[in-house]
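Student: Pasting a structure here, questions to come.
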Amino acid sequence: MIHEYLEYPTKEQWIEIEENSKINSLYLEVKRPEINDLFAMFAEQELASWIRLFNNRLGQSRMSYIFFKHYYNKGIPDEEWYISPGKDGQSIQYFPHFKKDETINYKVMFDYYVDAFYYKFFSAWDTIFHIINVQYQFDVEKDKDFNRNILTNLNSVNLALKKQFNKTNYSKAFKKSRILRNDITHNFAPNDISSGISKKKEDGQLKEISFGVGSYTPSSEFVQNIDEVIEEFIKFLRVFKRGLESSPKKP
């Protein structure tokens, strides 16, 4: 049963994971300019609330990171995720290096916390648009075009932030993370072995069905992608912080 393999990292393990990563940089501390009028005080309160939510979501991302790295460090030998023929003569053997129950359950928990990381991290990313909306008093309505409208307005008040946003958002790491997250959520999860069934159609008609070993993304690729995403995000935070600590240019 999976509960037999549930573990909470010790204090020493927690510190070691932190020290060998950059997750403690996933935090935004802002020194705001002095304010002198009542209206600005209300805007400041609203901004502080969004920044607090942003940091809370990043904090949940950091915690998810600790837990998936903890289970990853226990050992998930899935780089060679199939062999053919198998050790007992079967045509294909999946996860040939897994210890039957122990490793499978470590992988289950690893996958759970990787999913949680992506969810909370991109929730924090979406919060950035709301912070910008309040900082520059765009007063953009929260509709389906909210994010796009925020970025359009940003051109006239902080071009450096807009450029850094695009550089981060369209980085190789971010683009791959969105593919992984989207497939985990909406399609066949890349951290599970697909059926191996492929179909060929011509003019809308099924012409051929073939069977193979399927596809699978090893755990190490998720760890590498998340570490690269964090690296890109830290660069963005530096520019974002400078923008929030300066007096905002009015649109």
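Student: For region 218-239, indicate whether the set of residues that are touching a strand residue (DSSP E or B) at 6+ places or on another chain (Cβ under 6 Å) and open to solvent by less than 90 Å² (accessible area, probe 1.4 Å) is non-empty.
Tutor: Looking through region 218-239, none of the residues is touching a strand residue (DSSP E or B) at 6+ places or on another chain (Cβ under 6 Å) and open to solvent by less than 90 Å² (accessible area, probe 1.4 Å).
Student: A further question on this structure: Restricting attention to region 1-44, and to residues there that are among the hydroxyl-bearing types (Ser, Thr, Tyr) and in contact (Cβ under 8 Å) with a residue 40 or more places away in the chain, which single residue is surrounded by the most Cβ atoms within 10 Å (Cβ to Cβ)?
Tutor: Ser21
Student: Considering only residues that are surrounded by 11 or more Cβ atoms within 10 Å (Cβ to Cβ), farther than 27 Å from Tyr72 by Cα and in contact with a Gly (Cβ under 8 Å, 6 or more places away or on another chain), which ones fall in region 161-217?
Tutor: Correct list: Leu161, Ser198, Gly212.
Student: Let me ask you something else. Only one residue in Val223, Val213 is in contact (Cβ under 8 Å) with a residue 60 or more places away in the chain and farther than 30 Å from Arg62 by Cβ. Which one?
Tutor: Result of the check over Val223, Val213: Val213.
Student: If you don't mind, there's one more thing I want to ask. Looking at Lys74, Lys87, Lys100, which one is touching a residue at least 24 places away in the same chain (Cβ under 8 Å) and charged (D, E, K, R)?
Tutor: After applying the criteria, what remains is Lys74.
Student: Follow-up. Ser247 is checked against (1) under 26 Å from Ile132 (Cβ atoms); (2) surrounded by 12 or more Cβ atoms within 10 Å (Cβ to Cβ); (3) at pLDDT below 90; (4) not aliphatic (A, V, I, L, M) and fails just one. What number does that condition carry?
Tutor: It fails just one condition, (2).
Student: If you scan region 171-224, which residues turn out to be over 22 Å from Ala116 (Cα atoms) and among the aromatic types (Phe, Trp, Tyr)?
Tutor: Phe211
Student: Just one of Asp126, Asp88, Asp78, Asp111 is outside any helix (DSSP H, G or I) and at pLDDT 95 or above; which is it?
Tutor: Asp78
The values are calculated or read from the model by the stated rules, or taken from the named source; none is laboratory data. Just so it is clear, the structure is predicted and the values come from calculations on it, not from any experiment. Cβ: placed from backbone, ideal geometry, glycine included. Neighbour counts: every protein chain shown. Ligands, DNA and RNA are stripped out before the accessible areas are found, and what is left, the full protein with its side chains, is counted by its heavy atoms. Shrake-Rupley method; radii C 1.70, N 1.55, O 1.52, S 1.80 Å.
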